[in-house]
Amino acid sequence: MAAKSPLGEAGQRALKLVEESSGFHDDLVTACDKRWRAFEGQMARNSEAARWRSQLHPPFLNHIIETQLAGLLDERIGFRVKPMPRFFNPGEYVEVQQGAKAHEILARHQLAQDRFDEFQRPYALDAAVTGLGVASTVWLSKTVRRKRNIVENAADPELAAQGAFIPQMVEVERVETEFDGPVTEALDPRDCYWHEAATSLEKSRFFAHAVWMTYADLMAEAKLGRYDMDAVKQLEHMTDEGASDSTRPSDYTQERRHRGRRKDMIEVLWVWDRERERCTVVGARAVQLRDKSWPFWHGQYPFTIVSLQPYPRAIRGMSMVEKLGHLQDAAWDLMNQRIDNVRFLNNAITIMRADADDPDIKFEPGAIWYLDDPASVQQYTPNPLPAEISLAAEAQILQHMQNLAGSQPFTSTSGARDVGANTATEAALVTNLAQLATKQMKLRLYGAYERIGQQRIWLNQQFIREPVYVDVPAAQRPVNELGPLASLGLD
């Protein structure tokens, strides 16, 4: 009889869903790596710009995107919580309003605990560079063992019975709740899988997310009952084969940080199957760790995807790097050609007659050459015009990059004339259009924050069973509220 597969029927189905989308996912990973390299100013070895002696590659895209990002991020974010519209009994609406206000204070407290303001940058930066930002919103209950000093009575029992008290500091260790609430995390798009025919996340047949964990972390999860202990033990020696990512030259993180993000790690695939309404966890694509129904009552994928410039009927959108990357390559190419030409001009070639004697000629300022025929040694003087022409071409390419970025169409009066804004009215019109484009991108982010906030409220309704005490003055400090888009519904 054939041995039973450690994957099981549910694990095999989940793994099949992921592997059927591997070709589509590999294209996504390749595109993400290429765009991150362009953002960081890494010049491809096989590019036109790399064939010149000069190897200059200033990160123009980094500056443009960071400038754009400064207008998309807020210092602090808060949500307004309002009751869902329905028919209310007399006096009921006032009570529901008070509940919504209490939940709004709780939501702000949880955002501060989760450091949601720090989440903004990686989420928006992924969307700007790769074309999509992916966030997960789940409930996290975390306990830790902490040591505390407490005061105990050091008096002997007889004296203590008579009311004597001798204070003594005693060190004790307790298990305390470190965090219990909703958390939102920006995920690496390269670790996410979905059905390639999906027109939106909600319509995708499945969604999978790869988490990279150590064997010790997996054992800790198994001891808490979250994973099957026997299945985890089979993963002890199944760390990722490309431990140092040396077999993955396309991984940009290896070039940037000189490290492998998968070293000594085990891939744990969380596959959310909409048709079965179950979540299956597969370790190292070989062992089924868990298979349970969806843990959240809201019945949605616990993920939120945003694109700053979305395509219609598609999950991914156009990234800023996709629009500007080829212009940055062209600017590098012309710049390195010009620098090579200038180096050639500054270090002119000396031409000598083939039949000339080999005099002791010193090539240095103030040197004196004693020659029978001065015409036998000459300096080659190349034409400096190409270097001058290159400057104008480079400037035009950089201006095109500014125009396509939209966030900063010009930064000076001369820059305004380059885009056809010869008067103050025309300059104001161009600036307003750029501001409107930035506002549309920001609205896309706000829409994603709204969906995240709604999921966080649903998680509170599902998991909070005991009173939660909040510092109300701290939770009510002024924040940049998101406006009408962030009016979250409270059932």
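The values are calculated or read from the model by the stated rules, or taken from the named source; none is laboratory data. Keep in mind that what you see is a predicted model, and the values were worked out from it rather than measured. Virtual Cβ from ideal backbone geometry, glycine too; neighbours counted across all protein chains shown. With ligands, DNA and RNA removed, areas are computed over all heavy atoms of the protein, side chains included. Shrake-Rupley method; radii C 1.70, N 1.55, O 1.52, S 1.80 Å.
At a glance:
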item	result
Members of LYS203/LYS223; LYS82/LYS439; LYS101/LYS203 lying beyond 28 Å, as alpha-carbon distances in this model show	LYS203/LYS223; LYS101/LYS203
With eigenvalues of the C-alpha gyration tensor scaled by 5 and rooted, the stretch 1-138, Å	43, 32, 12
Chain lengthening between ASP264 and GLN378 when straightened (0.36 nm per residue, less Cα-Cα)	34.7 nm
Net charge of Cβ neighbours under 13 Å - reference ALA437; Lys, Arg +1; Asp, Glu -1	+4
Cα-based Kirkwood hydrodynamic radius, the stretch 96-192, one decimal, Å	18.0
Label point distance in nm, HIS63-GLU19, each placed 7 Å from Cα along Cα→Cβ	4.9
Highest-first arrangement of 392-404, 90-102, where packing means the average Cβ count within 10 Å	392-404, 90-102
ARG76 accessible area, 1.4 Å probe, all protein chains in place, Å² to nearest 10	90
Sequence-separation-based contact order of the stretch 70-176, relative, with Cα cut under 8 Å and 6+ spacing, percent	20
Whole-angstrom Cα spans of the stretch 267-399 along principal axes, big to small	97, 38, 25
Residue-span extension gain [PHE179 to VAL144] - 0.36 nm each, minus C-alpha spacing	11.7 nm
Pairwise label distance in nanometres, ALA160 with ALA102, each label 7 Å out on the Cα-Cβ vector	4.1
Order by protection proxy (mean Cβ within 10 Å, highest first), peptides 440-450, 223-233	440-450, 223-233
